[in-house]
Structures are given as structure tokens and as C-alpha cells.
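Peer 1: Pasting in a structure now, in C-alpha cells, and then I'll have a few things to ask.
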Amino acid sequence: MSAEGPLTARRTALVFAFFTVVTAWMLLPQVTAPFSVFDLGDPLFSIWRLAWVAHQLPRDPMHLFDANIFHPHIRTLAYSDAMLLPAAVAAPLLWLGAHQVLVYNIILFVSIVLSGVTMFLLVRALTSRADAALVAGILFAFCAFRFHHFGHIELQVTLWMPLGLFWFHRAIATHRLRDGLLTGLAVALQGLSSLYYGIFFSTFLVCLTAIVSAL
């Protein structure tokens with residue numbers, strides 16, 4: 001099949017619409033009950049993390065990690081993944097009075113949608129094939145590992161890895177400083193979204209860079 005034309009704004013909007021609809025279908029129990037969570041374990045802990053950051057940022061940001069848990073210990077937010085970027089995104093919604101559980105479900109939903117979209121954009125840029133990109137986006141957004149860890153919201157925020165690889169490949173092709181800096185930015189944002197993935201992704205990029213340099 002021949003290479004396709006450029007990815008227009010209309011086509012990009014259709015990709016967003018496609019992954020929004022499919023995500024809503026895959027998460028139908030959650031979508032139809034947006035003020036509930038599927039279990040009372042990690043989701044409630046994640047809701048507390050999001051709410052704590054929103055509470056502390058406008059009051060005492062210098063002591064953001066001194067969370068109201070495990071008193072009298074300090075820096076207790078660092079006992080787990082702080083999810084600072086998702087929490088920063090969620091904070092305005094919480095400040096406006098949105099229900100904490102609803103905000104959690106919005107972050108969860110949007111994270112999966114954007115993961116599919118960004119993987120589509122990566123594979124579309126590498127192959128110039130929308131069909132291959134669509135399959136890759138579906139596999140990435142709705143893989144078994146994601147649903148096995150459905151209660152760990154930090155493991156759902158994966159959109160920065162495809163974007164990082166997109167800019168990495170552009171940096172290799174163009175040798176532009178801007179693309180290299182954007183790659184580094186994606187790694188940092190992934191680490192701020194999920195510390196686990198940030199470590200894994202940065203390690204992967206180091207190995208990928210070594211391989212590309214040896215070719």
C-alpha cells in the first residue's frame with residue numbers, strides 16, 4: 001500500500017473521536033457510574049493523592065510532600081508515586097468543586113484516550129500508514145497489562161512515551177536541538193506522571209540511543 005497524505009486536522013479529530021468512543025465502550029461500567037470506583041483499594045488511595053496535591057498547592061507548596069498521613073513522619077507523599085502532573089491537571093477541577101471520584105475517573109478516561117492517540121501519531125509518522133497506526137493505538141491503549149493494573153492510575157498515564165519516541169526519531173532524522181529537548185521533556189513529563197514508567201522509559205531510550213549510534 002502506498003504512503004498516505006499528511007495528517008490533517010480533520011483526520012486528527014477523527015482519531016480523537018475514535019479513541020474516545022472505543023475507550024467509553026471499553027470502560028462502560030466506569031463511564032455509566034462516574035461517581036464510583038470499581039474497587040476500594042488503590043483507586044481510593046489515588047483519589048487521596050490527587051486531592052492532597054490540590055489541597056496543598058495553594059496553601060503551602062513548599063511542604064507539598066509533607067502529606068497528612070503517617071503523622072508525625074514528613075515527606076510521606078514520597079512513600080508512593082506522587083503523580084504530580086496528573087494531580088496538577090486535576091487540581092483546577094477540584095478547586096472548582098468537582099467531586100473527587102469524578103475527577104479521578106476523568107483523569108483515567110482521558111489518559112487512556114490520549115495514550116491511544118499518541119501511539120497512533122507515532123506509528124503514523126514512522127510508517128505513513130493510518131491502518132497500522134490505528135492497530136498500534138488500539139493495542140497500546142487497551143492491552144491486557146493496562147486492564148490488569150486498572151486500579152493503578154499512574155500506570156494508565158502512558159501518553160508521554162509515544163510522544164517521546166516521536167520526538168526521538170525526529171531528533172535522529174533532523175539533528176535539531178529542539179527535537180532533542182522535546183524528547184527530554186517527554187521523559188520528564190512521563191516521570192512526573194508515573195515514576196515507574198519514567199525510569200523504564202529513560203532506561204529504554206538510553207539503550208535505544210546506543211543501538212542507533214552503533215548503526
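Peer 1: Search segment 2-48 for residues being assigned to a helix (DSSP H, G or I) and of a type in the set (Ser, Thr, Tyr), and hand back the single one that is nearest to residue 82 (Cα to Cα).
Peer 2: Looking at residues that are assigned to a helix (DSSP H, G or I) and of a type in the set (Ser, Thr, Tyr), I get 46.
Peer 1: I'd like to verify a number: residues in segment 119-157 that are surrounded by 21 or more Cβ atoms within 10 Å (Cβ to Cβ) and touching a Lys or Arg at 6+ places or on another chain (Cβ under 8 Å), how many?
Peer 2: 3
Peer 1: Could you list, in sequence order, the residues of segment 187-215 that are over 21 Å from residue 170 (Cβ atoms), without any contact (Cβ under 8 Å) to a residue 40 or more places away in the chain and either touching an Asp or Glu at 6+ places or on another chain (Cβ under 8 Å) or aromatic (Phe, Trp, Tyr) (or both)?
Peer 2: 200
Peer 1: Would you confirm, using the coordinates I've provided, whether residue 82 is within 22 Å of residue 187 (Cβ to Cβ) and either at pLDDT below 95 or not in a helix (DSSP H, G or I) (or both)?
Peer 2: Yes: the conditions hold for residue 82.
Peer 1: On the given criteria, is residue 212 open to solvent by less than 60 Å² (accessible area, probe 1.4 Å), over 13 Å from the mean Cα position of the chain (by Cα) and not small (Gly, Ala, Ser)?
Peer 2: Details: open to solvent by less than 60 Å² (accessible area, probe 1.4 Å): yes; over 13 Å from the mean Cα position of the chain (by Cα): yes; not small (Gly, Ala, Ser): yes.
Criteria met by residue 212.
Peer 1: Among the residues in segment 96-111, are any open to solvent by 60 Å² or more (accessible area, probe 1.4 Å), assigned to a helix (DSSP H, G or I) and either modelled with pLDDT under 95 or more than 13 Å from residue 19 (Cβ to Cβ) (or both)? Before the answer, list the steps.
Peer 2: From segment 96-111, those open to solvent by 60 Å² or more (accessible area, probe 1.4 Å) are 96-97, 99-100, 106, 110; that's our starting set.
Retained after the next criterion (residues that are assigned to a helix (DSSP H, G or I)): 100, 106, 110.
Next, from what is left, pick out any that are either modelled with pLDDT under 95 or more than 13 Å from residue 19 (Cβ to Cβ) (or both): 100, 106.
Yes, the conditions are met somewhere in segment 96-111.
Peer 1: Please state which of the following conditions residue 177 fails to meet, knowing it meets all the rest: (1) open to solvent by less than 80 Å² (accessible area, probe 1.4 Å); (2) free of Cβ contacts under 8 Å to residues at least 40 places away in the same chain.
Peer 2: Checking residue 177 against (1) open to solvent by less than 80 Å² (accessible area, probe 1.4 Å); (2) free of Cβ contacts under 8 Å to residues at least 40 places away in the same chain, the one that fails is (1).
Peer 1: Tell me which residues, restricted to segment 35-68, are open to solvent by less than 50 Å² (accessible area, probe 1.4 Å) and free of Cβ contacts under 8 Å to residues at least 40 places away in the same chain.
Peer 2: If the condition is that a residue be open to solvent by less than 50 Å² (accessible area, probe 1.4 Å) and free of Cβ contacts under 8 Å to residues at least 40 places away in the same chain, then 49, 52, 53, 56, 64, 66, 67 are the ones that fit.
The values are calculated or read from the model by the stated rules, or taken from the named source; none is laboratory data. Only a predicted model underlies this, so the values are computations on that prediction, with no experimental measurement involved. So basically every Cβ, Gly included, is an ideal-geometry build from the backbone, and we count neighbours across all protein chains shown. In case anyone asks, the SASA skips ligands and DNA or RNA and just uses the protein heavy atoms, side chains included. Shrake-Rupley method; radii C 1.70, N 1.55, O 1.52, S 1.80 Å.
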